1. How high is the FRET efficiency between Arg260 and Ala344 when r is their beta carbon distance and R₀ equals 25 Å, given to the nearest 0.05?
2. List the residues, sorted by chain then number, that are 5 or more residues from Ser27 or on another chain and whose placed amide H is less than 5 Å from its amide H.
3. What order, most packed first, do the peptides 124-134, 190-200 have when packing is the mean number of other Cβ atoms within 10 Å of each residue?
4. Among Gly103, Gly40, Ala91, pick out the residue whose Cα is farthest towards the positive end of the charge dipole of segment 26-131, where Lys and Arg carry +1 and Asp and Glu carry -1 on C-beta, about the Cα centre.
5. Just to be sure I understand: if I project the alpha-carbon convex hull of segment 150-280 onto a plane and average over all orientations, what area do I get in nm²?
6. Need one number: % antiparallel among DSSP beta bridges in the chain, to the nearest 5.
7. For the chain, what does the helix formula give at 222 nm: sum of -39500 (n - 2.57) over DSSP H segments with n ≥ 4, over the residue count, nearest 500 deg cm²/dmol?
8. Using 0.36 nm times the number of residues separating Ser293 and Arg63, minus their current alpha carbon distance, what extension gain do you get?
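Every read-out reported here was derived from the displayed coordinates using simple, explicitly stated rules and does not represent laboratory data. Being a predicted model, the structure only gives us computed values, none of them experimental. Cβ placement follows ideal geometry from the backbone for every residue including glycine, while neighbour counts extend to all protein chains displayed.
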Amino acid sequence: MTWPRDLADRLGVRLPIFLAPMAGGPSTPALAAAVSEAGGLGALGCGYSAPEQIRAEVEEVRRRTQAPFAVNLFAPEPHDWPPPAEPLARAASRLQAYRDELGLGPVGDLPPPPDFDAQLELVLELRPRALSITSGALPPARVKTLHDAGILVMATATTPAEAEVLEASGVDAVVTQGAEAGGHRANFLAPGERSFIGTMALVPRVADAVKVPVVAAGGIMDGRGIAACLALGASAVSLGTAFLACDESGAAAAHKAALRAAPGDDATGLTRAFSGKPARGLVNRFMREQAASADVLPYPAQNQLTAGLRREAARQGRSDLMSFWAGQGAPLARGGPAGRLLAALAEEAEAALRRLG
Ligand SMILES: Cc1cc2nc3c(=O)[nH]c(=O)nc-3n(C[C@H](O)[C@H](O)[C@H](O)COP(=O)(O)O)c2cc1C
């Protein structure tokens, strides 16, 4: 079979199969390097990372492989910092019962969210093969600065309108995030509930709307999903949940176990309660109990507010209070070494396309 080569050749990868960036622990340097070394495009999810952590992780990937990889950052979103006192106090008091259960006292001063300009400066210095951006568009001048440094730029769209804005900013490829996807919604033009198109409809609509290559993401778990997305017009695919379960993934053991245990009906749902931004995860007690809460701060304040709670819940193995981001394909996750999964995905996609003639 002939794989699409337009984007793969520009990136210098053998296979147009990408590791979706997963900040907050899952996308370790070992996972990124394993995917890149096996011929795909590995990625480091650095959205929450301070510059020195990004440097350490990029250096670690480079110690493990000479193959190209991507770094991912969150586009800066306008926000008040520190968050206004009254809503903050209400949101904090909502969470105190969980903190009590974990033996944590009242929340103190919130750590500020990472400084995007400092993160971008470092990316320009370190020059990974690609930078991918989620939840927004960069100004064209910044995309040009990245290009001048030899860095390809990709960015995520949840609607054709977002894809057009990203293309106008000068990106080299648009990543479509279908409604099935695990993790945070990447919408930046319209509210989340109006930016919720499934992969099957989103990929061809975006492929028709823009001239740059399209990378499909959301619900792709095996070669059948890859073949389908190539047929829909994608030049590459990006898989998060499938790699989340792999040996090199830094996801907590309880998170990996929950993926495997996900029941046959849809075990995932959307919540704003962990971070202030809609995200898809395995439904647990925290998501259920906070579903109707009006006391959720906007992103990134809620994310900073729940950070200590989530960290302690993970330390104590409390699955009922952790964020278990996962896509709708979770029950299809297989785990094992990431390189072996990548090889299997490629073989399966080839077999699926052969079957269709
Ligand atoms: C645990 C987890 C963390 C994620 N973190 C990020 C991130 O830091 N940056 C980003 O662009 N997307 C992030 N995503 C979304 C993925 O990049 C991608 O859109 C999604 O995983 C694709 O759907 P799938 O999970 O069904 O494969 C995350 C997804 C998961 C499951």
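1. Numbers: r = 17 Å, r/R0 = 0.68.
The pair Arg260/Ala344 has a calculated efficiency of 0.90.
2. Hits under the 5 Å cutoff: Met22, Gly45, Gly250.
3. Values: 124-134: 21.5, 190-200: 15.9.
Peptide ranking by packing, descending: 124-134, 190-200.
4. My answer, from the dipole projection, is Gly40.
5. Projected area, direction-averaged: 9.1 nm².
6. Details: 7 of 35 bridges.
Approximately 20 percent, going by the DSSP bridge assignments.
7. Working: 14 runs with 148 residues, N = 357.
Value at 222 nm, helices only, nearest 500: -12500 deg cm²/dmol.
8. Details: separation 230, 0.36 × 230 = 82.80 nm, distance 4.55 nm.
Contour length minus Cα-Cα distance gives 78.3 nm.
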